[in-house]
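The values are calculated or read from the model by the stated rules, or taken from the named source; none is laboratory data. Predicted model, so just to flag it, every value in this text is computed and none were measured. We place every Cβ from the backbone using ideal geometry, glycine too, and count neighbours over all the protein chains shown. The protein model used for the area step is the full one, side chains on, heavy atoms only, and it has no ligands, DNA or RNA in it. Shrake-Rupley method; radii C 1.70, N 1.55, O 1.52, S 1.80 Å.
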Amino acid sequence: VQLQASGGGLVQAGGSLRLSCAASGHTINNYGMGWFRQAPGKERDFVAAITRSGGSTYYADSVKGRFTISRDNAKNTVYLQMNSLKSEDTAVYYCARNSGYTNYLSETYYDYWGHGTLVTVSS
């Protein structure tokens, strides 16, 4: 089971990026998926999550209205569209597979993690 996050990079404040999380070794169809981030010197925090059907999504207050999580089960991939980026969005972003619980906000309920992709927002 592997999750490969990509799409990070350097962007100016106000810009956009789209992160991708491609799964291999398993199908994500039966699992909720989430994105977390860890800023320098800080703990890893929840960013967004999506249920296995894509029917429900959840967001941290800090990204609501700016970020959108989506999934393409046919491509075994989850996305995070990030708009109106701010300097405080600078972090390493991780995708993770929810282990079947209905709690999407805590990393405790995620069993597989990608290696992360760095997003740097310059002000």
task: Quick one: dipole size for the chain, taken about the Cα centre, charges +1 on Lys/Arg Cβ and -1 on Asp/Glu Cβ, in debye to the nearest 20.
output: 240 debye
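Short version: what are the Cα gyration tensor semi-axes of the chain, square root of 5 times each eigenvalue, largest first, in whole Å?
On the way: eigenvalues 99, 40, 37 Å².
For the chain, the ellipsoid semi-axes come out as 22, 14, 14 Å.
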task: Using a 1.4 angstrom probe on heavy atoms only, work out the carbon and sulfur share of the accessible area of the chain in %.
output: 44 percent
- request: Over the stretch 7-123, give the accessible area per residue in Å² for a 1.4 Å probe, as an integer.
  value: 51 Å²
